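So the structure is just underneath, and the comments pick up after that.
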């Protein structure tokens, strides 16, 4: 992998991590187009680097909310911030189970362009349904809704099924307010990403294989584009413009399926 390829992949990761179009699916398609055939260890090293960049961009963009939660965590009484953190913990249960027991199987069984194309079409349908559905708006995300949104995040480990798109659409279909569900979607993914990275490091899967310059270039490009995409996506959800991403995912899904047949 050269530096230019790393920058391109970083941009793809930074944009698609927050936009409801599937970062894993787009990275897989981008790797196919660029011909970056990394060995498993090098690919994991680079992937963890890009995810670290998008985690940092989430913290930077939502710093006010993150700091509020950190301060509220240490209150002696049960606060609104502690309740919010508990909801995030509840949302982590399904994806934690999938990550611990089924991650390797899913990656081995479903890492193909055909699966990516099909999952992108499912993402498109889900976003369109969420756009046209008009449920009653709730004031806060409930514990029950947190778990259901967590279930949708667990399903979204399939490549091509957008994590942000699936969780945001699920939250909207449950009747939650647009801005609150977008913010919850971005915050709830931080612990699983960090936990997954830590698990890979403990298992010894994280190592070298990629030169330092491409790693730094990929990290910087993913961080910068991630900051832009995170701010942009929150505004898009507030304005209810998810239908354009439904159209985009539908088109890319069809193209991926056609390309796999050629």
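The values are calculated or read from the model by the stated rules, or taken from the named source; none is laboratory data. Please read all numbers here as calculations on a predicted model, not as lab measurements. Here the Cβ positions follow ideal geometry from the backbone for every residue, glycine too, while neighbour counts run over all protein chains shown.
If you go through the range 200-245 and keep only what is surrounded by 14 or more Cβ atoms within 10 Å (Cβ to Cβ), closer than 18 Å to residue 190 by Cβ and at pLDDT below 80, you end up with just 200.
When only residues in the range 129-149 that are part of a helix (DSSP H, G or I) and at pLDDT below 90 count, which is surrounded by the most Cβ atoms within 10 Å (Cβ to Cβ)?
Per the criteria, the residue is 130.
In the range 186-199, of all residues being more than 15 Å from residue 97 (Cβ to Cβ) and surrounded by fewer than 22 Cβ atoms within 10 Å (Cβ to Cβ), the one that is modelled with the highest pLDDT corresponds to 187.
Residue-by-condition table, conditions (1) modelled with pLDDT under 90; (2) within 17 Å of the chain's Cα centre (by Cα); (3) buried (at least 16 other Cβ atoms within 10 Å of the Cβ); (4) more than 26 Å from residue 4 (Cβ to Cβ):
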{"residue": "161", "(1), (2), (3), (4)": "yes, yes, yes, yes"}
{"residue": "164", "(1), (2), (3), (4)": "yes, yes, yes, yes"}
{"residue": "184", "(1), (2), (3), (4)": "no, yes, yes, yes"}
{"residue": "261", "(1), (2), (3), (4)": "yes, no, no, yes"}
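With respect to the conditions (1) without any contact (Cβ under 8 Å) to a residue 24 or more places away in the chain; (2) in contact with a helix residue (DSSP H, G or I) (Cβ under 9 Å, 6 or more places away or on another chain); (3) surrounded by fewer than 18 Cβ atoms within 10 Å (Cβ to Cβ), residue 152 falls short on a single one, namely (3).
The lone criterion from (1) modelled with pLDDT of 85 or more; (2) surrounded by 18 or more Cβ atoms within 10 Å (Cβ to Cβ); (3) closer than 30 Å to residue 251 by Cβ left unmet by residue 115 is number (1). Can you pull out the residues in the range 170-198 that are over 22 Å from residue 59 (Cα atoms) and assigned to a helix (DSSP H, G or I)? Correct list: 170, 172, 173.
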